[in-house]
Amino acid sequence: MKIAVAADHGGYKLKEKVKEHLLERGIEVEDLGTHSEESVDYPIYGKLCGEAVASGQADLGVVVCGTGIGISIAANKVHGIRCGLCTSVEMAHLTKQHNNANILALGGRTTGEELAMEIVDEWLDTQYEGGRHQRRVEMLDNL
Ligand code: RB5
């Protein structure tokens with residue numbers, strides 16, 4: 001499995017931690033930037049990650065900005081992307097189980113490192129439930 005990661009300056013530090021964590025789990029990571037805390041525009045990085053996942057270049061993605069809000073909005077503008085912004089382990093569970101989120105968004109300035117890794121693990125380790133959720137996921141993909 002390959003996971004694409006991307007962040008703006010507000011998410012750079014947490015993105016680096018997520019990358020380390022994924023590599024420790026034996027997951028291949030494609031780092032789409034940014035590579036420092038110098039100010040950049042989050043729509044660029046949300047789009048880059050969205051396109052990597054939608055094209056199949058990566059299986060899943062993780063995006064991080066200050067709050068996770070802007071970069072998740074950007075990723076969700078790419079057709080085929082279901083990006084869930086999660087601030088709790090429960091949200092991570094449900095966004096995989098119900099929404100089959102193919103990108104996880106995190107807030108580098110709003111979510112602590114330890115919780116963020118728990119969120120990443122829960123999202124990765126939860127299976128999409130399908131069933132009654134499938135029709136709604138298809139509706140999302142057809143918007
Ligand atoms: C950048 O300062 C900040 O606006 C960005 O990281 C993010 O929080 C936007 O949603």
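The values are calculated or read from the model by the stated rules, or taken from the named source; none is laboratory data. Computed from a prediction, not measured in an experiment: that's the story for all the values here. Quick reminder, even Gly has a Cβ in these numbers, built from the backbone with ideal geometry, and neighbours come from all protein chains shown.
Summary of values
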quantity: Failed item in (1) in contact with a Lys or Arg (Cβ under 7 Å, 6 or more places away or on another chain); (2) surrounded by fewer than 19 Cβ atoms within 10 Å (Cβ to Cβ), with Gly10 passing the rest; calculated: (2)
quantity: Scope segment 65-89; condition buried (at least 19 other Cβ atoms within 10 Å of the Cβ), away from the ligand (no atom under 14 Å from the Cβ) and either more than 12 Å from the chain's Cα centre (by Cα) or in a helix (DSSP H, G or I) (or both); matching residues; calculated: Val78
quantity: Cross-chain or 6+ apart pairs with Cβ under 8 Å, segment 49-67 first and closer than 14 Å to Lys19 by Cα, then of a type in the set (Phe, Trp, Tyr) and at pLDDT 95 or above; calculated: Val63/Tyr45; Val64/Tyr12
quantity: Residue check, Ser36 polar (S, T, N, Q) and assigned to a loop (DSSP other than H, G, I, E, B); calculated: yes
quantity: Selection count, segment 120-143, where residues are under 16 Å from the mean Cα position of the chain (by Cα) and either outside any loop (DSSP other than H, G, I, E, B) or under 18 Å from Ala54 (Cα atoms) (or both); calculated: 7
quantity: Condition met for Gly10 (more than 14 Å from the ligand (Cβ to nearest atom), assigned to a loop (DSSP other than H, G, I, E, B) and either out of contact with any helix residue (DSSP H, G or I) (no Cβ under 7 Å at 6 or more places or on another chain) or aliphatic (A, V, I, L, M) (or both)); calculated: no
